[in-house]
Amino acid sequence: MFSIKTKNISKAYKDVKALKNINLNVKEGEIFGLIGPDGAGKTTLFRILTTLILPDKGRAFVKGYDVVKKYKKIRKIVGYMPGKFSLYQDLSVEENLNFFASIFNTTVSENYETIKDIYSQLEPFKKRLAGRLSGGMKQKLALSCALVHKPEILFLDEPTTGVDAVSRKEFWDILNKIKNTGISIFVSTPYMEEAGLCDRVAFIQKGEILTVDTPKNIKSNFHDTLAAVKADNMYKLITDLRALKAVQAVFRFGKSIHLSFDINVINPDEILSYLKSKEHNNISIKKIDPNMEDCFMKLMKD
Amino acid sequence: MTRENILIKVNNLTKKFGRFTAVDNLSFEVEKGEIFGFLGANGAGKTTVIKILCGILSPSSGDVSVDGFDVYSQTEKIKKNIGYMSQNFSLYEDLSVYENFRFFGGIYGLPRKEIKKRTDYFLKTLGLQDKKDSVISSLPLGWKQKIAFSVAQIHNPKIIFLDEPTSGVDPVTRRQFWDMIYKTAHSGITVFVTTHYMDEAEYCDRISIMDAGKIKAIDTPENLKKLYKENSIEKIFIKLIR
Amino acid sequence: MKGFLIKEFRHIFRDFRLMLILFGMPVVQVLLFGFAITNDIKNAPIAILDNSKDYLTQKITDKILSSDYFILKKNLNTNNEIGDYFKDGSVKEVIIFGNNFAENFLKNKNANIQIITDASEPNTARLLIVYTNSIINDFQQKQLSSSLEINNFVSSGKLLKPVILTTEFKMLYNPELKSVFMFVPGIIAILLMLICAMMTSMSIAKEKELGTMEILLVSPLKPVQIIAGKVLPYVLLSFINIITILLISYFVFKMPVQGSVFLLLSESILFIIMSLSLGIFISTVSNTQQTAMFISFIGLLLPTILLSGFVFPIENMPLILQYLSNIMPSKWFIIIIKSIMLKGVGINYIWKETLIIIFMTAFFIVLSVKKFKIRLE
């Protein structure tokens, strides 16, 4: 059985097509990542799956329940963390948690085991108003609130956006722990490097799914040759590499430039001598494996 | 660093809100034409520092000057020489591209002719000439951010503050955006940027990492990696802030 | 449900400004209307031209002057003097007793009193006539069994134009004509409208703005539960407010409640529920607190103030506005509380108005429950 199944889901707002024929199958107990930039349609898909809006076309099922007809059933078994920081700022940490427990007819103590790992980090601040928490702590509180009724499936819409790298890392550690308790997780993020932390991912761009696979398979499907190129004058290096023929993509990645090219047309030695002819110094060309961002950009272009 | 090349000078800056110390005895300098990455944990005090540097918030104590102007007494002069762009506020969504340029150019007292000339120049660089009369809200996020960056430069400022300019932008546009940042820095404008993308930290000439009101580290990405014996800024960041 | 209520009360009690509006406004409004905007007249200067100078005219004069309303500025001797005193504004009213007053009164059952006022201040003029009239009537009833025919005239400046006084009703039920009595029912209606409709619609819109509404929707909570959770705290707070207003008006302004207090409070609760259902209806059509506030203000508060008969008498309005005032719930509510507080009537006199409000309440509850969405769009 799939925890989420969609068949040809489409949705438009006036003349903007937010989603076009989305077909997804999310397996039980996996962390499934929906990866894409802002405006790709991630939130729209989340809202359809959490029964908040109706699709124009197609059908979707969460834990076997139809999102349109059986919305009441779904609302009992999902935990949802919307994109915006959606907590009551004028209530304390503890009061927020108690409230969200109460609307699911449960109590914090009843499901304490489920949230223990996250909530224990927040407990020293339980009397603090939610509005006074830092970004990372707000995010943990929001997750605790979404988990407090022990849902069967968690929907997390961009939980890590705007959160610093340390809190992001901690957050993913927590998600893995939650997954181990058997809860399926459907999560979206604009940070490509987080895709590698999911069991399977779907790349989404302009309302369309580019690919669905495990991070490993996505990387092995990157057929171009990829090299990290460095030289002293990076600014000029980009311009010169872009002028080169048989080059698929030239993008800066941190301190080096990722160059993807067709090895049948040009080989690294030829690139090296080309760069030398352009008077570059300290050139290094190293063949590398693609990361998720390389893959996403390639799929975007296709 | 030669003295005349220093654009931002911060000495023992402290800012308190009531009993809470948001910025704690901070000192650093930023050079002309430099891309300075201002990193930090959420709530570390980054926004407070930026507000002080922009002249919209007064320090509790310490000396701060931007382009030689004092942040206590010469805020009006500072404001004329800076550009600011953030993810939250950048452009008027219900105005057209050109109307935004004209409005912000007008704020800085540029003549109509000059605004037109510069708008045309920016739109040509962006390849968006045919979008001149499009309403901002109809454009994709990536374009908006690029236009916002151009609008922030319309008055030819000495320094531009970018507060998480690439948050949520797709990877290709994100790099195009950084290409723009390079071009701007190349023309001599200082770029002061915050980001949560750690790979972007590597694009900066120098970075600082801030936590709990203090700067934990400040140097070029290469030097920091040598110093902390790590191969990425992300790892250094996590090491320092944890 | 309990958790929801606790949360709502916390929102209210932690918002200082909201608390100030909730509990400060009723007190301020009642005191403001009661003291500052009072139309009552005290020590108005008058002149008397007594052409008879007999025992009856003397008695009436004494009675008029012994009230707090008038002080005698001048005794006049001829008609010619009247104009001068009005012109320099030194008197606001002149009372003229006809010739042979006592004799005419006793023999012919017909004596003549003329009242002239300065109608360049119409409100004052009207009130002065009413006061004088009521004192004379009182005198007539108490002192004399035979009829005393009095003709009243108002003049704008000088000349005479008969006016038929229509203040019979007010004099019956508000013998001292205190204007604060007129305002209290209006204030109750406005405050209930404001607190119930505006506050609930804003608090629901706030959840939408924050994004918390998304989580509430994606939970097993039923719309009815969300609505009830939002509404109940305000029922309680509004009820406290009514009691505060009634206590202030009773102790500070000595305003009586002639009728049943129980009936008054029950009718108030009915009106509260009506306003709350209106508030929920507003929230279903607004996504931000700003819109909710705007709609409540323009759509409810202004019409309540202008069209309910609180400020401007309905019978003086153009016909179209008179019809329009019929759909103002507050119009009916003001009639109801006036009737209970001032006339002391029971439900058998106001069942029609009550029924109208019940009908409106049902209409808005059905409408808002239907419109309250189970989804975001």
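Residues that are within 15 Å of the chain's Cα centre (by Cα) and among the hydrophobic types (A, V, I, L, M, F, W, C) do occur in region A:175-183, at least one of them.
Quick grid of which residues meet (1) within 18 Å of B:PRO221 (Cα to Cα); (2) outside the structural domain of A:LEU210 (by TED's automatic domain parsing); (3) without any contact (Cβ under 8 Å) to a residue 24 or more places away in the chain:
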| position | (1), (2), (3) |
| --- | --- |
| A:ALA228 | yes, yes, no |
| A:ASN233 | yes, yes, no |
| A:LEU237 | no, yes, no |
| A:ALA243 | no, yes, yes |
| A:VAL247 | no, yes, yes |
| A:SER260 | no, yes, no |
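Count, please, the residues in region A:187-236 that happen to be among the β-branched types (Val, Ile, Thr) and surrounded by fewer than 19 Cβ atoms within 10 Å (Cβ to Cβ). Adding up the residues that qualify gives 4.
Would you point out the residue of region A:94-120, among those that are within 13 Å of another protein chain (Cβ to nearest Cβ), assigned to a helix (DSSP H, G or I) and not aromatic (Phe, Trp, Tyr), that is nearest to A:SER184 (Cα to Cα)? Out of the qualifying residues, it is A:ALA101.
Residue-by-condition table, conditions (1) out of contact with any Asp or Glu (no Cβ under 7 Å at 6 or more places or on another chain); (2) surrounded by 18 or more Cβ atoms within 10 Å (Cβ to Cβ); (3) acidic (Asp, Glu); (4) more than 25 Å from B:GLY45 (Cα to Cα):
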position	(1), (2), (3), (4)
B:PRO111	yes, no, no, yes
B:ILE115	yes, yes, no, yes
B:LEU123	yes, yes, no, yes
B:GLN145	yes, yes, no, no
B:GLN153	yes, yes, no, yes
B:LEU162	yes, yes, no, no
B:PRO165	yes, yes, no, no
B:THR184	yes, yes, no, yes
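With respect to the conditions (1) part of a helix (DSSP H, G or I); (2) surrounded by 16 or more Cβ atoms within 10 Å (Cβ to Cβ); (3) within 13 Å of another protein chain (Cβ to nearest Cβ), A:PRO151 falls short on a single one, namely (1).
May I ask you to list the residues in region A:56-82 that are in contact (Cβ under 8 Å) with a residue 40 or more places away in the chain and of a type in the set (A, V, I, L, M)? Answer for region A:56-82, where residues must be in contact (Cβ under 8 Å) with a residue 40 or more places away in the chain and of a type in the set (A, V, I, L, M): A:ALA60, A:VAL62, A:ILE77, A:VAL78, A:MET81. As for region C:278-287, it holds at least one residue that is closer than 21 Å to C:ALA362 by Cα and aromatic (Phe, Trp, Tyr). Any residue at all in region A:269-281 that's free of Cβ contacts under 8 Å to residues at least 24 places away in the same chain and crowded, with 16+ Cβ neighbours inside 10 Å? No; the residues of region A:269-281 include none that is free of Cβ contacts under 8 Å to residues at least 24 places away in the same chain and crowded, with 16+ Cβ neighbours inside 10 Å. Please work out which residue is farthest from A:MET300 (Cα to Cα), limiting yourself to region A:237-262 and to residues that are surrounded by 15 or more Cβ atoms within 10 Å (Cβ to Cβ) and more than 32 Å from the chain's Cα centre (by Cα). Among them, the one singled out is A:ASP240.
Of the residues making up region C:208-225, those that are facing chain A (nearest Cβ under 9 Å) and assigned to a helix (DSSP H, G or I) number 8. What about B:ASP63, is it surrounded by fewer than 17 Cβ atoms within 10 Å (Cβ to Cβ) and within 30 Å of B:LYS216 (Cβ to Cβ)? Answer is yes for this residue. Only one of the listed residues (A:GLY33, A:GLY79) is crowded, with 24+ Cβ neighbours inside 10 Å, more than 14 Å from chain B (Cβ to nearest Cβ) and more than 21 Å from A:PRO190 (Cβ to Cβ). That residue is A:GLY79. Somewhere in region B:76-98, is a residue closer than 14 Å to B:ILE136 by Cα and in a strand (DSSP E or B)? Yes - at least one qualifying residue is present in region B:76-98. If the condition is being buried (at least 21 other Cβ atoms within 10 Å of the Cβ) and aromatic (Phe, Trp, Tyr), then region C:271-317 contributes C:PHE271, C:PHE281, C:PHE310.
For region C:33-53, the set of residues classified as surrounded by 14 or more Cβ atoms within 10 Å (Cβ to Cβ), modelled with pLDDT under 85 and either closer than 30 Å to A:PHE104 by Cβ or of a type outside the set (Gly, Ala, Ser) (or both) consists of C:PHE33, C:THR38, C:ASN39, C:ILE41, listed by residue number.
Among the residues of region B:157-182, which ones are more than 7 Å from every other protein chain (Cβ to nearest Cβ), in contact (Cβ under 8 Å) with a residue 12 or more places away in the chain and over 25 Å from B:LEU240 (Cβ atoms)? Of everything in region B:157-182, those that are more than 7 Å from every other protein chain (Cβ to nearest Cβ), in contact (Cβ under 8 Å) with a residue 12 or more places away in the chain and over 25 Å from B:LEU240 (Cβ atoms) turn out to be B:PRO157, B:LYS158, B:ILE159, B:ILE160, B:THR173, B:GLN176, B:PHE177, B:MET180. Please specify each residue of region B:188-215 satisfying the condition of being of a type in the set (D, E, K, R) and out of contact with any Phe, Trp or Tyr (no Cβ under 9 Å at 6 or more places or on another chain). Within region B:188-215, B:ASP211, B:LYS214 qualify.
Only one entry in C:TRP351, C:TRP332 is of a type in the set (A, V, I, L, M, F, W, C), exposed (fewer than 13 other Cβ atoms within 10 Å of the Cβ), more than 14 Å from chain A (Cβ to nearest Cβ) and closer than 19 Å to C:LEU264 by Cα, namely C:TRP351.
Of all the numbered requirements in (1) touching a helix residue (DSSP H, G or I) at 6+ places or on another chain (Cβ under 6 Å); (2) closer than 29 Å to B:LYS239 by Cα, B:GLY43 misses one, and that requirement is (1).
I'd like to check which helices (runs of 4 or more DSSP H) are fully inside region C:277-377 and have at least 1 residues that are among the acidic types (Asp, Glu). Ranges flagged: C:347-371. Remark: C:GLU353 matches the filter, which requires a residue to be among the charged types (D, E, K, R), free of Cβ contacts under 8 Å to residues at least 60 places away in the same chain and in the same structural domain as C:LEU236 (by TED's automatic domain parsing). Of the candidates A:LEU19, A:LEU52, the single residue that is touching a strand residue (DSSP E or B) at 6+ places or on another chain (Cβ under 8 Å) and crowded, with 24+ Cβ neighbours inside 10 Å is A:LEU19. Each residue in region B:93-124 was checked for being within 19 Å of B:PRO165 (Cα to Cα) and modelled with pLDDT under 90, and 1 pass. If you filter region A:156-190 down to residues that are in contact (Cβ under 8 Å) with a residue 24 or more places away in the chain and of a type in the set (Gly, Ala, Ser), you find that the one that is farthest from the other protein chains (Cβ to nearest Cβ) is A:GLY182. Confirm whether A:PHE46 is facing chain C (nearest Cβ under 7 Å), of a type outside the set (Lys, Arg), in a helix (DSSP H, G or I) and buried (at least 20 other Cβ atoms within 10 Å of the Cβ). Criteria not met by A:PHE46.
For B:VAL71, state whether it is within 19 Å of the chain's Cα centre (by Cα), crowded, with 20+ Cβ neighbours inside 10 Å and more than 14 Å from chain A (Cβ to nearest Cβ). When the stated conditions are applied, B:VAL71 passes them. Test A:THR214 against the criterion of being among the polar types (S, T, N, Q), in the same structural domain as A:MET192 (by TED's automatic domain parsing) and under 32 Å from the mean Cα position of the chain (by Cα), and give yes or no. Answer is yes for this residue.
The values are calculated or read from the model by the stated rules, or taken from the named source; none is laboratory data. On a predicted model such as this, the values are computed, not experimentally measured, just so you know. Methodologically, a virtual Cβ is constructed for each residue, glycine included, from the backbone with ideal geometry; neighbour enumeration extends over all protein chains shown.
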